[in-house]
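The values are calculated or read from the model by the stated rules, or taken from the named source; none is laboratory data. Remember, it's a predicted structure, so these values are computed and weren't measured experimentally. With ideal geometry, Cβ positions are generated from the backbone for all residues, glycine too; neighbour counts draw on all protein chains shown. What goes into the accessible areas is simple: the full protein's heavy atoms, side chains included, and nothing from ligands, DNA or RNA. Shrake-Rupley method; radii C 1.70, N 1.55, O 1.52, S 1.80 Å.
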Amino acid sequence: MTHDHDLVLRPTAAQTEAALNPPPGRNGGDLVVETLAGLGATTVFGLPGQHALGMFDALRRSDLRYIGLRVENNAGFAADAYGRVTGEAAPLLLSTGPGALTSLAALQEARAASAPVLAIGSQVPTAGLGGGRHGYLHELPDQAASFRGVVKSVHTARTQSQIPSAIAEAWTSALTVPHGPVWVEIPQDVLLAQTPIPVVTGGDTFPEELPPRPELTAVAADLLTRAERPAVIAGGGVVRADASKKLRQLAERLQAPVVTTFGGKGAFPWTHPLSLQSWLEDRHTTDFLEDADVLLVVGSGLGELSSNYHTFKPRGRVIQIEADLGKLESNHPALGIHADARLALQALLETVGERTDPGAPERVRAVLDRVRDRIAAQELTLEQDVLAAVREALPSGAPSFWDMTILAYWAWSAFDAKAPNTMHSAQGAGGLGYGFPAALGAAAADPTHPVLAVSGDGGALYSIAELATARQYDLNVTWLIVDDGGYGILREYMTDAFGAPTATELTRPDYVALAESFGVPGVRTSPQTLAADLAKALAAPGPSVVVLPAVLRMFAPTHLG
């Protein structure tokens, strides 16, 4: 009698030959890149450093494509975007100490946004591990400790035989929902030493799915079927789970209005009769959601930005579907369902009853009319015109990556993403410098579409070095820089709070001339010519820069009164 656990995968003749006669000149770094290739990786990002040279030398002997950025944090942002766009774990190769630590802000964003990034860093030689102070270059008492509070999991390979399994384990962790960044570290001497270990030929891993508990979805389906005023908040988990179609089916069956969070842009069609769009920073939307007798929250933890800065106080029953166990019921009591959004929505579709509510679209229109009237009363036509110009110029299937800047804050609420998984920003962790390097990562993932990056001049200065990367790899990214001479949103915040800004004004370069010095075409535009100039730049192959000198204002908040 044969049992499943008795089955052994037998090597093919080619695998046996490769194992018995591995090519000469291989080192521990070859085990890294061979494992990555065996797991299905095709592209790696990173920046070389002294302790990591064994990995980078091994790239010469592999078919992996390497995209090298100029700053480790930017390499992390590029890997983050690659992971978001493809749904694959994006390898990020880093060196010890300063190189590793410089990536932490990017890995924090990846963790907050559930982007699968497989960061592999070097370590000091094995003799220097264990917390002693040996005086090695880049030495830290406990390098892994710097990552434990940022990434999903930490993995260490102290010998060459541990490398394939450690990387495969990390890969599985990165791709198990909720996705996220992971950290692997390998000592310098382990990477550099010649290896007798055979070529790594296998590597399939199978991240576990996260189905909902059936007794919970049965209760949820009953609550939604009997609801009088159901509503839905759709977060980034819907996009990451590729569950947008299932969400639309459920909303239409229930006749439930849907609002998408800023991380969930595109999860529900913008112009659908049941779409409340993304106006979460608006009291009219907040009031509507509070009035729901059953509120279904899918793929969102209802954090600060998704709850109108925690002023949202639901009065009805809340059903929360969330893959990140730490976010489940962390802000509001709910029927908490720990599950992948796609699997949970499918379970609801199989059990929920159909509702009729012909008045639902009219109630949605009424909310959107009130939002529109509130914005119109603030005389913000410049901001609305600029955002409309960006939407007009950007092809509907093209992705966009937004830095932390006023135009991005407008886009969170007012921009039609057209499709799921096409609009991304750094709103998870909120760090500057995300837009341009992330767009480079997306362009590396899919060269068939132009990619738009949007930054303010303050955020742009974090990423200027990557103009060299864009040119070196001829990546198809158009970078829109809104130049207002400072940290615009901080200028507003400080003026509102203290009557005057401090430390917000910047001396900045001529961005057009700077771009051209890298061999990247640049153009200075105006609000009137932005749509045409941006469309022309997006249509041209390769990188380009469009600079818009403009001082934009933010619409008035509704959470302070």
So in region 194-248, with the set limited to residues that are assigned to a loop (DSSP other than H, G, I, E, B) and among the charged types (D, E, K, R), which one is nearest to ASP291 (Cα to Cα)? ARG229
Checked pairs for region 46-65, first within 20 Å of GLU185 (Cα to Cα), second open to solvent by 30 Å² or more (accessible area, probe 1.4 Å) and assigned to a loop (DSSP other than H, G, I, E, B), C-beta under 6 Å and 6 or more apart or across chains, list as PHE56/PRO48
Taking the residues in region 257-289 that are assigned to a loop (DSSP other than H, G, I, E, B) and among the aromatic types (Phe, Trp, Tyr) as candidates, determine which candidate is farthest from ARG84 (Cα to Cα). TRP279
Anything in region 488-505 that is open to solvent by 40 Å² or more (accessible area, probe 1.4 Å) and touching a Gly at 6+ places or on another chain (Cβ under 7 Å)? List them, or say none. GLU505
How many residues does region 168-193 contain that are closer than 24 Å to ASP324 by Cβ and assigned to a helix (DSSP H, G or I)? 8
In the set LEU407, LEU348, which member is in a helix (DSSP H, G or I), aliphatic (A, V, I, L, M) and within 23 Å of ALA113 (Cα to Cα)? LEU407
What number of residues within region 290-309 satisfy the criterion of being in contact (Cβ under 8 Å) with a residue 40 or more places away in the chain and either open to solvent by 10 Å² or more (accessible area, probe 1.4 Å) or assigned to a loop (DSSP other than H, G, I, E, B) (or both)? 11
Of the numbered conditions (1) surrounded by fewer than 20 Cβ atoms within 10 Å (Cβ to Cβ); (2) farther than 15 Å from ARG229 by Cα; (3) touching a residue at least 12 places away in the same chain (Cβ under 8 Å); (4) in contact with a strand residue (DSSP E or B) (Cβ under 9 Å, 6 or more places away or on another chain), ALA344 satisfies every one except a single condition; which is it? (1)
Could you list, in sequence order, the residues of region 374-424 that are within 18 Å of ASN476 (Cβ to Cβ) and either open to solvent by less than 10 Å² (accessible area, probe 1.4 Å) or touching a strand residue (DSSP E or B) at 6+ places or on another chain (Cβ under 9 Å) (or both)? VAL390, ALA393, LEU394, ALA398, PRO399, SER400, PHE401, TRP402, THR422, MET423, HIS424
SER161 fails exactly one of the following numbered conditions: (1) of a type outside the set (Phe, Trp, Tyr); (2) open to solvent by 10 Å² or more (accessible area, probe 1.4 Å); (3) under 18 Å from the mean Cα position of the chain (by Cα); (4) farther than 13 Å from THR205 by Cβ. What is the number of that condition? (3)
Please state which of the following conditions ILE337 fails to meet, knowing it meets all the rest: (1) open to solvent by 10 Å² or more (accessible area, probe 1.4 Å); (2) in contact with a helix residue (DSSP H, G or I) (Cβ under 6 Å, 6 or more places away or on another chain); (3) within 18 Å of PRO178 (Cβ to Cβ). (1)
Mind listing just one residue for me: the one in region 49-94 that is open to solvent by 10 Å² or more (accessible area, probe 1.4 Å) and among the polar types (S, T, N, Q) and, of those, farthest from PRO22 (Cα to Cα)? ASN73
Restricting to region 109-144, count the residues that are open to solvent by 10 Å² or more (accessible area, probe 1.4 Å), touching a residue at least 24 places away in the same chain (Cβ under 8 Å), out of contact with any helix residue (DSSP H, G or I) (no Cβ under 8 Å at 6 or more places or on another chain) and in a loop (DSSP other than H, G, I, E, B). 1
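Rundown of residues vs (1) closer than 16 Å to ALA417 by Cα; (2) open to solvent by less than 20 Å² (accessible area, probe 1.4 Å), yes/no style:
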{"position": "ASP222", "(1), (2)": "no, no"}
{"position": "GLU252", "(1), (2)": "no, no"}
{"position": "VAL258", "(1), (2)": "yes, yes"}
{"position": "HIS272", "(1), (2)": "yes, no"}
{"position": "PHE288", "(1), (2)": "no, no"}
Quick test of your reading of the structure: LEU137 fulfils all but one of (1) of a type outside the set (Phe, Trp, Tyr); (2) within 25 Å of the chain's Cα centre (by Cα); (3) at negative phi. Name the failing condition by number. (2)
Please determine whether any residue of region 195-209 is open to solvent by 50 Å² or more (accessible area, probe 1.4 Å), of a type in the set (Ser, Thr, Tyr) and over 17 Å from GLY38 (Cα atoms). no
Out of (1) over 30 Å from the mean Cα position of the chain (by Cα); (2) within 30 Å of THR96 (Cβ to Cβ); (3) among the β-branched types (Val, Ile, Thr), the odd one out for VAL150 is which? (1)
